[in-house]
Structures are given as structure tokens and as C-alpha cells.
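Please read the structure below before turning to the comments.
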Amino acid sequence: MSLWQLVKVGGFTMYILIACSVVSLAIILERMIYYRWRSRTKRKTFMLSIAQALARGDVKNALALCKKADTPISNVVYAGLDLYGHNEVVISNAMERQVTIETTRLERFTSIVGTIGSTAVYIGLFGTVLGIIRAFSDISKAGSGGVNVVISGISEALVCTAAGLSVAVPAVIAFNYFVKKVDGFITDMELCASELMDLITVKQK
């Protein structure tokens, strides 16, 4: 059967799964591009340049480096440097708040992919159950047909399960990748915040 025939056989459940697939793929592509762009600055290289600027006492240059980088780690460092000269607790709290803000941005839309990944299979099974019910109903109305009619009806109904799996598997893989990627960003942001606090403490002493 052609793709269109499979969609027609699956019924309205297939349209739901197609919509889920489109949304999932769109978010996956958007997040992958976003993560790639936001991870273009390496933590060690960036913090080395910040340390060199602070060693010269050039806080303005350090802030300029953060603005130029415009990544999660640079935004966290900027939040701390922007309060340079204030109490260490105030600086630390500002960076913690920025870590939370950046984490929220990184996690945007990922829960949708996770939801699609966990529910697409059940949507497919729902379509399969409806298809089987419809097949047996048609057999009871016809009053004949035998095993061939039953097998044909069930095979058509299983299209929905196959479609649900094809939507769920990529979504689950992508969601796990997103979780790992966000964890990596959080680790880098926390390390940058800790390193900056050490640099500020040494400088103020």
C-alpha cells in the first residue's frame, strides 16, 4: 500500500500521529540548532580570557567578552561580573538565578518531545484497537468471510501501532539526548560560576 492508503486505513488516529511527528521533528531540529549555537564557546578557553582580563583589573573588557560570546556560560559570568565589587553572597546569588534562567531556556519545548515519545505508542495502540473493533464489526455484519477477512482487518489495524512506534522511538532518543545536553550545559555554568567566585575572591584580597 502507498503512504496515503496507509493513512486512510489507520483512520483519524494516523492524523494525530502525523501531527505529533511534525511537531516532534520541528522541535528536534530547532533544539539541535539552538544547542549547537549556544555551545560554540568552550568553557576553558572562555574562562581563561576572563581570568586574564581580571588579572589586569579590566572588568569592562571581561564584561565585553561575555556580551560578545552570548552563551549560557557567558551570561552566567556576566551576571556575576556585573555586580563586581559587591558582597560575594550577592554575586553568587545573581549567578545562581542566571543559571536557573538559562536552564529554563535550554529546556524549552523538550518536555513536548518527551510527552510525544511516551504517548505516541499508546495513541497507535488505541488506533489498532479501534481498527480491530471495526474489523470484527464488519465481519459480524457480513456474516461470512472467514479467517482471511479477520487477518486482513487486523493487519490493517496494526498500521497504527507501527506508526506510533515510528513516531515514539525518535522522540524518546531525542529527549534523552536533550536531557544529557542540558545537564552538560548546567555543569559548565556551575563550574564557570565557581571559577569566577574564586577569581573575584583572589582579586579582592
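The values are calculated or read from the model by the stated rules, or taken from the named source; none is laboratory data. Keep in mind the model is a prediction, meaning the values are calculated, not measured. Positions of Cβ are backbone-derived with ideal geometry, glycine not excepted, and every protein chain shown enters the neighbour counts.
Suppose we filter region 139-149 for residues that are modelled with pLDDT of 70 or more and in contact with a helix residue (DSSP H, G or I) (Cβ under 9 Å, 6 or more places away or on another chain); how many remain?
Looking only at that region, the number is 1.
State all residues of region 35-54 that are touching a residue at least 24 places away in the same chain (Cβ under 8 Å) and assigned to a helix (DSSP H, G or I); if no residue qualifies, say none.
Tyr35, Arg38, Arg43, Phe46, Met47, Ile50, Ala51, Leu54
Would you be able to tell me the number of residues in region 44-101 that are over 17 Å from Gly184 (Cα atoms) and of a type in the set (S, T, N, Q)?
Adding up the residues that qualify gives 6.
Looking at Thr45, Thr41 in this structure, which one is hydroxyl-bearing (Ser, Thr, Tyr), loosely packed, with under 13 Cβ neighbours inside 10 Å and under 24 Å from Val202 (Cβ atoms)?
Going through Thr45, Thr41 in turn, just one is hydroxyl-bearing (Ser, Thr, Tyr), loosely packed, with under 13 Cβ neighbours inside 10 Å and under 24 Å from Val202 (Cβ atoms): Thr45.
Per-residue answers, yes or no, for (1) polar (S, T, N, Q); (2) under 26 Å from the mean Cα position of the chain (by Cα); (3) at pLDDT 95 or above:
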position: Trp4; (1), (2), (3): no, no, no
position: Lys44; (1), (2), (3): no, yes, no
position: Arg56; (1), (2), (3): no, no, no
position: Thr71; (1), (2), (3): yes, yes, no
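Hey, Tyr84 hits all of (1) within 15 Å of the chain's Cα centre (by Cα); (2) outside any helix (DSSP H, G or I) but one; which does it fall short on?
Status for Tyr84: all satisfied but (1).
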